[in-house]
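This report concerns only the one structure given below.
The values are calculated or read from the model by the stated rules, or taken from the named source; none is laboratory data. On a predicted model such as this, the values are computed, not experimentally measured, just so you know. Glycine also receives a Cβ, built like all others from the backbone with ideal geometry; neighbour counts cover every protein chain displayed. These accessible areas exclude ligands, DNA and RNA; they are computed on the full protein's heavy atoms, side chains included. Shrake-Rupley method; radii C 1.70, N 1.55, O 1.52, S 1.80 Å.
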Amino acid sequence: QVQLVESGGGSVQAGGSLRLSCVASVRTFSAYAMGWFRQAPGKEREFVAAISRSGGSTYYADSVMGRCTISRDKAKNTVYLQMNSLKPEDTAVYYCAADMTWSSSDITAVAGSYDHWGKGTQVTVSS
């Protein structure tokens with residue numbers, strides 16, 4: 001069973017930054033494309049960012065483009081989400097997800113395409 005554990009969430013003032021981490025307990029981390037999603041109270045889970053197996057392709061939601069950067073460290077089986085210029089509307093539980101794929105470049109924003117999910121980490125942005 002694949003286990004994903006997020007960390008790095010917390011409370012920050014608007015305009016601040018956070019770096020989320022997701023450690024994957026998998027033998028071959030490079031076999032998975034990785035994504036970040038978030039869910040605010042009363043709202044559906046939404047896509048934030050994704051990165052391909054190779055790390056060569058990234059994809060961002062319009063709402064965070066220019067403010068967030070997704071990256072991965074294969075040696076540490078870890079994917080990161082660097083978030084800058086945070087806004088109150090970024091407040092949500094952030095989830096890490098893994099997508100098994102044969103393609104080294106395939107990425108997707110569709111939640112249903114991801115095979116494994118972490119339990120989430122809370123991000124709270126205050127005014």
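If you check each cysteine of the chain for another cysteine whose beta-carbon is under 4.7 Å away, which ones come up empty?
By the Cβ distance rule, which asks for a partner under 4.7 Å, the isolated cysteines are 68.
Within segment 44-89, report the GluC sites (Glu not before Pro) that DSSP leaves as loop and that have at most 15 other Cβ atoms within 10 Å.
The qualifying sites are 44.
Please list 3J(HN,Hα) in residue order for segment 101-116, calculated via the Karplus relation 6.51 cos²θ - 1.76 cosθ + 1.60 where θ = phi - 60°; whole Hz, with x for glycine and proline.
For segment 101-116, the Karplus-derived couplings read 8, 7, 7, 7, 10, 5, 9, 8, 9, 8, 4, x, 7, 8, 8, 9 Hz, x marking Gly and Pro.
With θ set to phi - 60° and the Karplus curve 6.51 cos²θ - 1.76 cosθ + 1.60, what are the ³J(HN,Hα) couplings of segment 51-68 in order, to the nearest whole Hz, using x for Gly and Pro?
Taking θ as phi minus 60°, the curve returns 9, 6, 3, 6, x, x, 10, 10, 8, 10, 5, 4, 5, 10, 4, x, 10, 10 Hz for segment 51-68.
Give me the number: length gained by fully extending residue 39 to residue 113, i.e. 0.36 nm times residue separation minus the C-alpha to C-alpha distance, one decimal in nm. Don't jump to the answer; show the numbers that get you there.
Details: separation 74, 0.36 × 74 = 26.64 nm, distance 1.70 nm.
Additional length available on full extension: 24.9 nm.
For a Förster distance of 35 Å, can you work out the FRET efficiency between the beta-carbons of residue 84 and residue 31, rounded to the nearest 0.05?
The pair residue 84/residue 31 has a calculated efficiency of 0.75.
What percent does the relative contact order of segment 1-68 come to when contacts are Cα pairs within less than 8 Å and at least six residues apart?
The normalised contact order for segment 1-68 reaches 21 percent.
Excluding ligands, DNA and RNA, what is the solvent-accessible area per residue of the chain at a probe of 1.4 Å, expressed in Å²?
On the way: 6390 Å² over 127 residues.
Accessible surface, normalised per residue, equals 50 Å².
Put one equal scatterer on each alpha carbon of the chain, apply the Debye formula with no solvent term, and list log10 I(q)/I(0) at q = 0.13, 0.17, 0.22 1/Å to two decimals.
Values, matching the q order: -0.45, -0.78, -1.29.
Have a look at the DSSP beta bridges in the chain and tell me what percent are antiparallel, nearest 5.
Close to 90 percent.
Can you sort 29, 47 by 1.4 Å-probe accessible area, starting with the largest?
The most accessible residue leads, giving 47, 29.
Could you give me the ³J(HN,Hα) list for segment 69-77, computed from phi with Karplus coefficients 6.51, -1.76, 1.60 and θ = phi - 60°, whole Hz, x at Gly and Pro?
9, 9, 8, 9, 10, 5, 5, 10, 6
Computing the accessible area with a 1.4 Å probe over protein heavy atoms, can you report the carbon and sulfur percentage for segment 79-127?
53
Among all lysine pairs in the chain that are eight or more places apart or on different chains, how many have alpha carbons less than 29 angstrom apart?
Within the chain, the lysine pair count is 5.
Which whole-number percent gives the relative contact order of the chain, counting Cα pairs below 8 Å spaced six or more residues apart?
In percent, rounded to a whole number, it is 36.
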